[in-house]
1. Could you work out how far apart the two model spin labels at Asp75 and Tyr148 are, taking each label as a point 7 Å from the Cα in the direction of the beta carbon, and quote it in nm?
2. For the chain, what does the helix formula give at 222 nm: sum of -39500 (n - 2.57) over DSSP H segments with n ≥ 4, over the residue count, nearest 500 deg cm²/dmol?
3. Rank by packing, highest mean first: peptides 198-204, 231-237, 80-86, with packing defined as the count of other Cβ atoms within 10 Å averaged across residues.
4. Note down the nm distance, to one decimal, between modelled labels 7 Å out along Cα→Cβ at Glu172 and at Ile21.
5. Which residue, Thr89, Thr13, Thr72, has the most motion in a Gaussian network model of the chain that connects Cα atoms within less than 10 Å?
6. Mind computing the radius of gyration and Dmax over the alpha-carbon atoms of segment 40-99? Å is fine for both.
7. Each label point is 7 Å from the Cα along the Cα-to-Cβ direction; what then is the distance between the points at Asp165 and Glu202, in nm?
8. Enter the angle in degrees (range 0 to 90, nearest 10) between the Cα long axis of helix 131-145 and the first principal axis of the Cα atoms of the chain, meaning the one along which they spread out most.
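What follows draws every value from the coordinates through simple rules; no lab data is involved. All values reported here derive from a predicted model rather than from experimental measurement. FYI the Cβ positions are ideal-geometry reconstructions off the backbone, even for glycines, and counts take in every protein chain you see.
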Amino acid sequence: MLIRTEGIVLRSTPYGEADLIVSFITRDEGLVQGFAKSPRKVRSRFGAALEPLTCVRLGLMGKESSSLLRVTQADIIESFHRLRDDLPTLVSLGPLVDLVRTLLHEREPHPRKYELLVAGFRAMEQNIPSRPVILMCLIIKFLWMCGYGPRVSACGRCGAAFSGDFAYFFPEYGSVLCQSCRITGAGRALRIGQETVRFFGEARSRTFTELLGYLPAEEVLREARKLIDGHGAHMCGGRCRPGLEIPAVAASPSEPWN
């Protein structure tokens, strides 16, 4: 069986002296694992096509039920080299890659999620100052598209709408909990303010083009990043590499949800 599609390189693992096992998110086949023969040799026909984050036109061969396909072709469509060459950006993309590999099923088409990632990477390349914001918004959009979006505008148990100056988000529940619904031993909690709640709404509703140049307050970005890291790590069962570790915050009953 020969498969022709396009995909993004998520991760590659050396195999032997010159081979690679490569993980892709593809438009038509979803997550796939491919075996590439001799791409680490100086004169390899693959060149830089199997570098992380590269968008490529793929040729894959193997049995329909096989979990490891042979990579027969990989031609660069977009290299996204500006993201790969900037070490802080490359490191910050690690949690997103972990989420993609954890939340999606192998050999199951995810064209909308694939297009979302391509559009997000393009926007990150266009505007360096907006990269952290676009990345957070990309992760938020991806989580909601997968059905795992963090619920911040209402209590996850009783549905009471967010009100007051702040609330507490519990990664274990994937939601904020109002004072009435907090229970002893609910785990770590993260305090978020109204502006952070508004940011999550903007992240879901705005296009990437509209997000270019959108720079929320530093405190909002800090709260949003901690929430995303904590929620993502919980979704991945602790396998997601957080960019910022979530602190333990005591959710005191004396601080009301107005």
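1. About 3.5 nm, to one decimal.
2. Here the helix-only value at 222 nm equals -10000 deg cm²/dmol.
3. 231-237, 198-204, 80-86
4. 3.5 nm
5. Its mean-square fluctuation being the largest, the pick is Thr13.
6. According to the Cα coordinates of segment 40-99, Rg and Dmax are 13.7, 39 Å.
7. 2.1 nm
8. Compared with the principal axis, the helix lies near 90 degrees.
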